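Contents: one structure, followed by commentary.
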Amino acid sequence: MQKITVLGLVALVSLIFGFMIKGYFMTLLLAGLFSALCQPLYRRILVRTKQKKNFSSTLTLLIVFLMVFIPAGIILSIVVTQAIQVGQNTGPWIQDALSQPGLLLSKLETLPVYDYLIVYQDDILIKLGEMVSSLSSLLVNSITQLTSSTVHAAFLFFIFLYAMFFFIRDGESLINIILYYLPLDDETERMLLTHFTSVSGATLRGTLLVGMIQGTLAALGFLVAGIDSVVFWGLMMTVLSIIPIVGSSLIWIPTVIVLTVSGHLIKAVILGLYCAVLVGSIDNILRPILVGKDTKLHELLILLGTLGGIALFGIWGVIIGPVIAALFVSIWDLYGKTFAAYLPGVKRAPVVEQSETIEEPGEKSEERGENGELLHSEAVKNQKDIQ
C-alpha cells in the first residue's frame, strides 16, 4: 500500500510541476541539446582551468554566445528583411510575365522542352510565384513568432542561458540521476545512452553542419553571380540540404534555368558547375569526417524527423526532430537486444551463383547440399553412396 501511495504522489506532483513549467519546456529542451553539443569544449576548458567547474561553464557559455548566438541573431535579422523583399518582388514579377507573354516566350524558345512548357506557362508562373511567396512567408512567420514580444523573448533567452550554464556544468550528474530512476540495469542504461549519444551526435554533425556549409558555399556562388537576397536563399538551401540526393539543388537548378532564359548564359554555366561540383560533393567529403565512427541515422529518418519536427515544434524542429528520430532508433535497438531470445531469427536466402558456361545435355549436373552450397559431381556421388 505504501508503494502505491508513493507512486501516486510521484505521478500527481510530477504532473503539477510539468504543467507549471510547460511554457518553458521548449526553452529547457533546446538548452539541454545545445549543452550536450558544448560538452567537448567544456571538457577541454575544464582541463585547462584545473577542474574549476563554475569558471569553465561560464567561459564555455561566453564563447558560444559570442561565436554562435550573436552571429545567428544578425543573420536572422538579415534573412527576415530579405525574405520580405523576396515575397514583395514575386507578385510584380509574375504580373509582368503574364502581361508580356511574348518577352518570356522568346527566352524559352531556346529550351528543348519549349513545346511542352508553352502549354503550361501560366500555371508554371503562378505555381513558381506561390512557392517562393510561401517559403518567404513561412520563414518570416516562424521568426516573427520567436520575436513577437521583445520582453518575453528576452526573458526566455535569459532562461535559456541560465539553464545552459547548469546543464553544461552538471550535465553528467543530471544524466546519472535520470538513469538511476529508470527501472533498467546499469549495463542496459549505459548501452541506451551510448547508442543515443552516438546516433544523435552523428546526425546533428552530419546534417546541420554539412547543411550550413552547403548553404554558405551556395550563397557565395549566388553573390558572385549577382543574385539578390543571397542570405535568404543560402538559409533555404541549408534547410533543404536535409533532403537526400536533391537537397540544395531544388534552389540552385531553377536559379540556373532563370539565368539561362534571362540571357546570362555564362553566369548560368559557371554557377551550375560551381554548385554541382563543389556544393554537391561537399556532403560526400565532409559527412564521413564529421560523423566518424559514430552510428549513422538513415537519411530517410533524418528527413522525416526534420519535417515532422518542424510541423510539431516550428523552426526549432530542424534540431529537435532528428534528435527524437535518433531516440526512436535507440529505443528500438534496445528492444531488439532485450527480447533477442524471444524474437525469431531471419535467415538470408542463399545466393545462387550462375555458371558462366552453359551446361550441355548429357553432362553431369551440379547438385546442392542441405545448406545450398554447390557440390562437385564426385562429392555428389560419394554423398549418394553413403546414403
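The values are calculated or read from the model by the stated rules, or taken from the named source; none is laboratory data. Everything numeric here is computed off the predicted structure, so don't read it as measured data. Cβ: placed from backbone, ideal geometry, glycine included. Neighbour counts: every protein chain shown.
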Exercise for the section: From Ser262, Ser248, grab the single residue that is among the polar types (S, T, N, Q), touching a helix residue (DSSP H, G or I) at 6+ places or on another chain (Cβ under 8 Å) and either at pLDDT 85 or above or crowded, with 21+ Cβ neighbours inside 10 Å (or both). Expected result: Ser248
Exercise for the section: Considering only residues that are over 16 Å from the mean Cα position of the chain (by Cα) and touching a residue at least 40 places away in the same chain (Cβ under 8 Å), look in the range 175-201 and name the one that is nearest to Ser281 (Cα to Cα). Expected result: His195
Problem - Test: residue in the range 336-343 that is charged (D, E, K, R), within 25 Å of the chain's Cα centre (by Cα) and modelled with pLDDT of 80 or more - result: no
Handout entry: Residue list for the range 1-56, filter: touching a residue at least 40 places away in the same chain (Cβ under 8 Å), exposed (fewer than 13 other Cβ atoms within 10 Å of the Cβ) and under 17 Å from Gly317 (Cα atoms)
Key = none
Exercise for the section: With the condition kept exactly as written, say whether any residue in the range 202-216 is without any contact (Cβ under 8 Å) to a residue 60 or more places away in the chain, crowded, with 19+ Cβ neighbours inside 10 Å and among the hydroxyl-bearing types (Ser, Thr, Tyr). Expected result: no
Practice task
Can you tell me which residue among Ile78, Ile126, Ile94 is at pLDDT 70 or above and in contact with a helix residue (DSSP H, G or I) (Cβ under 8 Å, 6 or more places away or on another chain)?
Solution key: Ile78
Exercise for the section: Could you check, for the range 219-229, whether at least one of its residues is among the hydrophobic types (A, V, I, L, M, F, W, C), in contact (Cβ under 8 Å) with a residue 12 or more places away in the chain, farther than 13 Å from Leu271 by Cα and in contact with a helix residue (DSSP H, G or I) (Cβ under 7 Å, 6 or more places away or on another chain)? Expected result: no
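Every residue, every condition in (1) under 15 Å from Phe167 (Cβ atoms); (2) of a type in the set (Phe, Trp, Tyr); (3) modelled with pLDDT under 90; (4) in a helix (DSSP H, G or I), yes or no:
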{"site": "Phe19", "(1), (2), (3), (4)": "no, yes, no, yes"}
{"site": "Phe34", "(1), (2), (3), (4)": "yes, yes, yes, yes"}
{"site": "Gln39", "(1), (2), (3), (4)": "yes, no, yes, yes"}
{"site": "Lys50", "(1), (2), (3), (4)": "no, no, yes, no"}
{"site": "Thr58", "(1), (2), (3), (4)": "yes, no, no, yes"}
{"site": "Leu61", "(1), (2), (3), (4)": "yes, no, no, yes"}
